[in-house]
Structures are given as structure tokens and as C-alpha cells.
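Accompanying notes for the structure given below.
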Amino acid sequence: MLRYDGNADRHGIINLQVVNHGVSKSAMSGALEAAWEFFDMPSEHKEVFASDDIRGPIRYDTSARDGISKSRSFLKHYANPLQDWINFWPTQPPTYRKKMGMYAVEIQRLSVQLMGAIVQGLGLGPVYLQEKLETGLQFMALNHYPQGSSQAGDTVGLAPHSDYGFITILLQSSPGLEVMHHDDDHWTPVPAIPGALHVHIGDHLEVLSNGRLRSLLHRAILNTDEARISIASLHGVAIDEKVDCAEELVDENRPKMYRESSFHDFLDFLPTNVETYRRFVETLKIDTA
Ligand SMILES: O=C(O)CCC(=O)C(=O)O
Ligand SMILES: [Fe+2]
């Protein structure tokens, strides 16, 4: 049973680790195994998925062309509904589809439960957007980072950013994720608690909540003990569906703060966000001054 009482921290941030989440241990360990096995393959097997097309169904990359990848390889693909996407997924390693598919389905289910608790906490009722979330976007980023040097100090593997979507559910093989509470000036490491999943909110929940919740700035640093994998699953409504501030959360005292946008709009914005990084949600702000 997941409950959320509508409170975020003083910055409007939800940043938590869930433990009794109903995602099986075997699904979690299977996903990490599949990811390790994928990244351990010789590059010619991975390069098959290399693509400049950010709208493609699957994409592998090792370079820093997106402006935030400093030292990571990634494989990104869609996952919900699974039957629409799984045929684009790697067939090597041979268990990839089975293991990652099982994890994706369990995480998708959890995301709907978590969103139910969050929208209820916002006063929108427990089933607000539920159908659209069940059939909506699940976008998975599998990240592989090399071991960092202990002499070098903190080496950034993935530069500070916030995620698109409503929520991100993240599984990490070892510590490396760090979060920043907006007005603070320091990074807080997120421990890798065995069996736990990390949850934080993305730009579209900031929009939906009309600024009551704020998307979380986070980054990954290289783990100096070992190479590291993280699997981030981003959840939202369908790719073309516009997300706007919930009407119920807009009134005279709190005018609408953001313009509506879709995942497509986000993809249009991405190539323009390379030189100086901006959170997507910043570009949606309406000037109310
Ligand atoms: O590697 C991590 O812990 C963070 C990954 C991440 O933020 C992302 O894929 O969006
Ligand atoms: Fe992220």
C-alpha cells in the first residue's frame, strides 16, 4: 500500500526511496544482469543501436553529444505497452528481452500506483489521469559508467539535469546518484539500499501541480570502487498528449504558471539544449509578473 499525504519538502520536492514496492527481487536483479551483459558485449553488438535520431525507438550512444553525458554509455528505449516496443529491443544478450521486459512491466505497474498516491495528495483524487498513465509513456534509460579514479575527486558521469515526465523510478547497482534541493548549494548522495528503488519527480509533474511540486535536479558521479549501472524508467502520458496545469490547482491566488507541452515538444527542445543546459520546465514558465 502506497500512501502520500500531499506534502513534499520545503522546496516542493519528492525525492524518496521505496522499499515495500511490490517489484520482485528477481525482476530487479534480472534487469541489472541484462544491463551488465548488454554493456559488456563487444562494441559492434551495441553500435547496431547507435543512432542520431532522437525520435527512434531505441538508441545507444557513448559520446557527450547531448550536452549532459560526460562519461556514460547508454541504451534508451520505450517499454509501454511492452508488445509495441519489445521487438525493437536487443536480442543479445539472449535473455535481455525476457529480463528487461519483466522488470519494465512491474515498474510500469508501480508507477501508476505511485502517481495515484501523488495525485491524491494533490487533491485531484486517486484515479486522476490513471487510464492515460496505464497506456502512457514509459521510457527507459540504461546507463553504464566506468569506475572513477579515487585520486580525481568527484568525476561527473552525467551532468545535472531534471527528467522529463511525471516520475522517474531508478535502480542503481551501486551509489553514484546525487540530488540537489533547488536552493541548496550542495549535492546529497542517494544510497544504493539493497531492494530499494529511488523515485523522483520530473518536469511534467511540476507543470501538472502548477508549481506545488518541483522537478528534482540530479546528476551521477563515477563510483570509485567499481563500474556502475543505473536503470531509469520515466513515466508520463502518451507521446503526443499535451500536459497542462491541472485546472483544479489554478485559481486567482495561484494563476497558471506553465504552458502546456508534450513529449514531442520536449524532443524538439532537446537539440537546442546542448550549450547551456536549462530544465525543460523553465522554458514552459509563463511570465506572471
Ligand atoms: O545514473 C544515475 O543514477 C542517474 C541517471 C539519470 O538521471 C537518467 O538516466 O536520467
Ligand atoms: Fe535523470
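The values are calculated or read from the model by the stated rules, or taken from the named source; none is laboratory data. All figures in this text were calculated on a predicted structure; none of them were measured in a lab. So basically every Cβ, Gly included, is an ideal-geometry build from the backbone, and we count neighbours across all protein chains shown.
Contact map, segment 266-289: residues that are modelled with pLDDT under 85 paired with residues that are loosely packed, with under 13 Cβ neighbours inside 10 Å, Cβ distance under 7 Å, separation 6+ or inter-chain. Pairs shown: Thr288/Pro255.
Do we find a residue being under 17 Å from Leu158 (Cα atoms), surrounded by 20 or more Cβ atoms within 10 Å (Cβ to Cβ), of a type in the set (A, V, I, L, M, F, W, C) and in contact with a Pro (Cβ under 7 Å, 6 or more places away or on another chain) anywhere in segment 234-252? Checked against the condition, which is being under 17 Å from Leu158 (Cα atoms), surrounded by 20 or more Cβ atoms within 10 Å (Cβ to Cβ), of a type in the set (A, V, I, L, M, F, W, C) and in contact with a Pro (Cβ under 7 Å, 6 or more places away or on another chain), segment 234-252 yields no hits at all. Just the residues that are within 22 Å of Pro90 (Cβ to Cβ) and either in contact with a strand residue (DSSP E or B) (Cβ under 7 Å, 6 or more places away or on another chain) or near ligand 1 (Cβ under 9 Å from one of its atoms) (or both), please, taken from segment 140-156. Result: Met140, Ala141, Leu142, Asn143, His144, Tyr145. Scanning segment 225-238 for any residue that is farther than 30 Å from Glu131 by Cβ, within 16 Å of ligand 2 (Cβ to nearest atom) and among the hydroxyl-bearing types (Ser, Thr, Tyr) turns up nothing.
A quick yes/no check of all residues on (1) out of contact with any strand residue (DSSP E or B) (no Cβ under 7 Å at 6 or more places or on another chain); (2) modelled with pLDDT of 90 or more; (3) crowded, with 16+ Cβ neighbours inside 10 Å:
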position: Met1; (1), (2), (3): yes, no, no
position: Ala8; (1), (2), (3): yes, no, yes
position: Ile14; (1), (2), (3): no, no, yes
position: Gly22; (1), (2), (3): yes, no, no
position: Lys25; (1), (2), (3): yes, yes, no
position: Ala34; (1), (2), (3): yes, yes, yes
position: Phe38; (1), (2), (3): no, yes, yes
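Only one entry in His200, His144, His181 is farther than 19 Å from Asn80 by Cα and under 12 Å from the mean Cα position of the chain (by Cα), namely His200.
When Asp203 is tested against (1) more than 14 Å from ligand 1 (Cβ to nearest atom); (2) closer than 30 Å to Gly22 by Cβ, just one condition goes unmet, and that condition is (1). Inside segment 257-289, residues that are touching a Leu at 6+ places or on another chain (Cβ under 6 Å) and of a type in the set (Val, Ile, Thr) make up a count of 0.
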